[in-house]
């Protein structure tokens, strides 16, 4: 071979080797197919060699993927139609399984999340859907993680973001909340009336033991009203006061008769 041929051959080999150099980031792994067969371990991160057309590389990211689950029409256990959307957090734990076991793990996880969301939330009542979010999120995460485990996918969290209620259901729930508050107000008012009646009963017993106590109460009330000086007061004379004066008058007459 001539020198020119060797030079050309060397340049071709250099270009081939330069084209075979691949750089993978820290969060990436390279799944290598050599002549169609999967290599036992993924490559990366850093500099790796991929020899085309013998080798074919598929890059797989290991970072957590945040996927929005589109709103799903769900009929709850008590036959209420709602729309629910959620967000799912997952990452690839085994790049080989993620590429070999499923055609597109992103699309498969999204579809699985939608069907699981409908099946799980369709088994609970509306009140449970609104009040037991944490429990439902854990159940969704457990079921999705169990089903995606053969694909090398780890579902770390599922969060139900929004529950869209029909307008008539919103009005019904507002009426229910208003009725509940009125119920509490009436109960509190009744308890106050009961406590007041007990106090009045005790006060009546005290006044019954000492008739002049009601007279003192009248005078105290008169003093409080007169302190404002902005109204005319018509104050009735208590019967107990008249009886007291009558008794005092009778005692005075008896004393004079005895003196005579």
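The values are calculated or read from the model by the stated rules, or taken from the named source; none is laboratory data. Note that the structure is a prediction, hence the values are computed from the model and not measured. FYI the Cβ positions are ideal-geometry reconstructions off the backbone, even for glycines, and counts take in every protein chain you see.
Annotation: of all residues in segment 74-84 being surrounded by fewer than 17 Cβ atoms within 10 Å (Cβ to Cβ) and in contact (Cβ under 8 Å) with a residue 12 or more places away in the chain, the one that is nearest to residue 38 (Cα to Cα) is 83.
Per-residue answers, yes or no, for (1) outside the structural domain of residue 157 (by TED's automatic domain parsing); (2) surrounded by 14 or more Cβ atoms within 10 Å (Cβ to Cβ); (3) modelled with pLDDT under 95; (4) under 30 Å from the mean Cα position of the chain (by Cα):
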site	(1), (2), (3), (4)
10	yes, no, yes, no
18	yes, no, yes, no
21	yes, no, yes, no
26	yes, no, yes, no
42	yes, yes, yes, no
69	no, yes, yes, yes
90	no, yes, no, yes
101	no, yes, yes, no
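Against the conditions (1) touching a helix residue (DSSP H, G or I) at 6+ places or on another chain (Cβ under 8 Å); (2) farther than 30 Å from residue 115 by Cα, residue 2 satisfies every one except (1).
Among the residues of segment 13-39, the ones that are touching a residue at least 24 places away in the same chain (Cβ under 8 Å) and either part of a loop (DSSP other than H, G, I, E, B) or in contact with a helix residue (DSSP H, G or I) (Cβ under 7 Å, 6 or more places away or on another chain) (or both) come to 4 in all.
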